[in-house]
Protein chains: 2
Amino acid sequence: MIESDLLRHIYSRTADLSRFGQVVVGPGDDCAVLRAPSGDHLLLTVDQVVEGRHFEAIADPSKARVLDGIGRKAIARSISDIAAMGGTPTATLATACLPPGFPQTSADELFDRMHAWALHWGAPLIGGDIAMGPDLGNSAKPPLLLTTTVLGVPHAGRGPVLRSTAQVGDELWVTGRLGNSFASGRHLSFEPRVAEARWLCSRAGAEPTAMIDLSDGLGRDADRIARASQVRIEIDARLLPLHPDCTDRRRGVSDGEDYELLFTASPGSLAEGASINAVPLTRIGRIVAGPAGAVIRTDTGLLDASGLGWDHADPRP
Amino acid sequence: MIESDLLRHIYSRTADLSRFGQVVVGPGDDCAVLRAPSGDHLLLTVDQVVEGRHFEAIADPSKARVLDGIGRKAIARSISDIAAMGGTPTATLATACLPPGFPQTSADELFDRMHAWALHWGAPLIGGDIAMGPDLGNSAKPPLLLTTTVLGVPHAGRGPVLRSTAQVGDELWVTGRLGNSFASGRHLSFEPRVAEARWLCSRAGAEPTAMIDLSDGLGRDADRIARASQVRIEIDARLLPLHPDCTDRRRGVSDGEDYELLFTASPGSLAEGASINAVPLTRIGRIVAGPAGAVIRTDTGLLDASGLGWDHADPRP
C-alpha cells in the first residue's frame, strides 16, 4: 500500500464538507482552514514522526543531542505546514507513544526539547497525550512515535495561500536550496520558512498565488500544485538551486524533506536574485496551459515530475 | 515509568504560558483553551489509541466490525474531552500509523469509519496524516496507532468548565453507570456525553462548577478535580451507580474508560433521580474543606481514591 492511494481515497470521501459552515478548507492542502464562531480563520495541521522512518532508530536514549533533533523535527514539520499557507503558528498539541522501558529522564528531556522548539516558533505546547507502546516480545520494540498538531492564523492581508490557485502565466519560485536532506542531517535541523512566507504575503499585489512546502520532493510536490490548480508546471532543471553537497541534479528534484517553500507568483513580482534574510529566492519554472501536472525540462528532454520524489509510506530509498 | 510522572514534569514546565495571550488554559485539563484573534475561545484536545493497549491486537484486519470499534473509540475519546469542558465538537484531525502490510482495503475502511463517527458527532475530519510503521523483523509488527485532535467551542453561556473550580459545599455527581468497561466491550461503544454536558451547562445559575470525563477510573479522576481545585472530595461508595454486569463496587471506582461525566454542582441545583435523555444523574459525594484529594467512604472506612484507577502507561490489569 502506498500513502498516496489512501490519501486519494480520503480526499474522495471528504470532497464536500460545505454543509459544515466551519470548514473553509478540508483535507488535501498543507493545512485545513477552520472558521471560528466570530469568523476568524484558523490554520490546522497534524504530522507524525516515526522512529525508523522519519528518524533513525534511537541507539542510546540518553543522548540529549539525538532527542533534540527528533523533538525539533516533530515540531518543525508542522510549523512548516503553517508556513506553506503563509500563516503564523500560535499553539501546539503533541502526543508521544514511547517504547516500553524508555527511560523517564529521556522522556522528560524529549518533552523539554519539543516544548523549547514549540516556544521558539511562537506556538507553545498547550496540550497532549502520552502512551506507552505494547510489549511485542521477541526483543522487538514498538517505535517511538510523536505527533504534533499546530494551529496558526493566516496572513491578515493575503489570507491562506492554497495549492489550488496557481495561474497560467505565473512563475514558479523556490526558497533556499535543495537536495541531500537525509544524508546531510538537514532533515533534523531545517528552519521552517515562516518569516519568509510572511514576507512574501506582505507584498500587497505581489503575494504568492499558490504555495506548498517541500516535504516529499520538488517533483512530487510541484505536481500537487499543478493538479490542485489544474495547470501545467514546467521546471527548468538547470535553474535548480542545489545544496553544495548535492551534486546530482536529479536528487534536487526527487529527494524529500527539504522543507523549502515552492510557490507561484505573477511574472515580474519578484526580482531575479532576490533573497529574504539571506535565504535565496530562485525562479525555477513557469505555469503554462496544458494537461494538469508537473514536468521537468532537462538536457535530454521532458520528464514527468510526479514520479520523482518519494512516498512516506514507501521504503526509505 | 508511569504516565503521571511524565505529566507532572510537563505541567511543571508549562505552568506559566500567560505571556502568550492566545493561551487561556494550557496543559492539565481535559482540553486546552485557545483565544482566537477576535476573542473567540476554542477547545482543543488530542488523544491516541494504540493497538495492544487501548484495543486488542487485530487478528483479522478484514473484519469491518473490529475496525469500526477501533475507529469509533479513537474519535469518541477526544469527543468526550470536549464534553468534559461543556463544549460542542466542531472539527477533527486524525493520524494513522499502520503496520507494514496492513491491507489497503482495511485502511480505507478504517478511515471511512473514523470519518463517519467524526461526522456523527458533528466534527468532520478536516485533515490528517498517514504513515507506515517500520519493519521490525522477527515477525514483530509495530502497533496500529491512531491519534485524533478534536476542536470544539465552549458553551456560550457557561464558558469552559474546568477541573479547578469545584467549591467547598458542592455536591459530586456522575452521569450514567460505572465499571467493567473493558470486559463488557463498552470501551469501544460508549457514547460521549456531549448532549448531557450541554444540557447541564444550559441551566443558568445551576451549571456544573467543575467537570472531568472518567477515562482513568472514578477514584483517580475525582482526585484530579480535588487537587486541581484544592478541595477534599468525599465519595460515598454505597451511592455508586454500577452497571448490572459490574458486581464489585471497588471496580466501579477503579475501572478505567467509563467516559461518563463527573462533575460538581451547587447543593440542590439538581434533583435526586434526575436524568437527561434517559441517562441517569447520580449524586455520589460532596466537596468539603480539608487536605486536597479524593477519598472514598466504604463500610470499612475511608480509602484514598488517588491510587484506585489506572495509569494508561501501566500494564493493563
Looking at segment A:144-167, is at least one residue assigned to a strand (DSSP E or B), hydroxyl-bearing (Ser, Thr, Tyr) and assigned by TED's automatic domain parsing to the domain that holds A:Ala206? no
Return a yes/no flag: does segment A:223-232 have any residue that is without any contact (Cβ under 8 Å) to a residue 60 or more places away in the chain and in the same structural domain as A:Asp299 (by TED's automatic domain parsing). no
Which condition number does B:Pro27 fail, the rest of (1) crowded, with 24+ Cβ neighbours inside 10 Å; (2) closer than 30 Å to B:Arg158 by Cβ; (3) in contact with a Gly (Cβ under 6 Å, 6 or more places away or on another chain) being met? (1)
Checked segment B:67-111 for anything at the interface with chain A (Cβ under 8 Å from one of its Cβ atoms) and of a type in the set (D, E, K, R); matches are B:Asp108
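Yes/no matrix, rows are residues, columns are (1) crowded, with 20+ Cβ neighbours inside 10 Å; (2) of a type in the set (S, T, N, Q); (3) in the same structural domain as A:Asp258 (by TED's automatic domain parsing); (4) over 21 Å from B:Val49 (Cβ atoms):
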position: A:Ser38; (1), (2), (3), (4): no, yes, no, yes
position: A:Arg53; (1), (2), (3), (4): yes, no, no, no
position: A:Ala57; (1), (2), (3), (4): no, no, no, yes
position: A:Asp60; (1), (2), (3), (4): no, no, no, yes
position: A:Gly69; (1), (2), (3), (4): no, no, no, yes
position: A:Ile79; (1), (2), (3), (4): yes, no, no, yes
position: A:Gly86; (1), (2), (3), (4): yes, no, no, yes
I'd like to check something: does segment B:64-82 contain any residue that is in contact (Cβ under 8 Å) with a residue 40 or more places away in the chain and in a loop (DSSP other than H, G, I, E, B)? no
Looking across segment B:1-32 at residues that are in contact (Cβ under 8 Å) with a residue 40 or more places away in the chain and under 16 Å from the mean Cα position of the chain (by Cα), the single one that is nearest to the other protein chains (Cβ to nearest Cβ) is B:Glu3
When every residue in segment B:112-128 that is surrounded by fewer than 24 Cβ atoms within 10 Å (Cβ to Cβ) and at the interface with chain A (Cβ under 7 Å from one of its Cβ atoms) is compared, the one nearest to A:Leu34 (Cα to Cα) is B:Pro124
Count, please, the residues in segment B:149-159 that happen to be facing chain A (nearest Cβ under 8 Å) and buried (at least 20 other Cβ atoms within 10 Å of the Cβ). 2
Output for segment B:45-75, where each listed residue is acidic (Asp, Glu) and either in contact with a Cys (Cβ under 6 Å, 6 or more places away or on another chain) or farther than 19 Å from B:Gly256 by Cα (or both): B:Asp60, B:Asp68
Could you please let me know if B:Ile58 is away from every other protein chain (no Cβ under 14 Å) and among the β-branched types (Val, Ile, Thr)? no
Would you confirm whether any residue within segment B:85-104 is modelled with pLDDT of 95 or more, within 26 Å of B:Val174 (Cβ to Cβ) and either among the hydrophobic types (A, V, I, L, M, F, W, C) or in a helix (DSSP H, G or I) (or both)? yes
Pick from segment A:129-148, criterion buried (at least 21 other Cβ atoms within 10 Å of the Cβ) and more than 25 Å from the chain's Cα centre (by Cα), ranking: farthest from the other protein chains (Cβ to nearest Cβ): A:Lys141
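The values are calculated or read from the model by the stated rules, or taken from the named source; none is laboratory data. Here the structure is a predicted model, which means the values were calculated and not measured. Please note: Cβ atoms are built from the backbone with ideal geometry, for glycine as well, and neighbour counts cover all protein chains shown.
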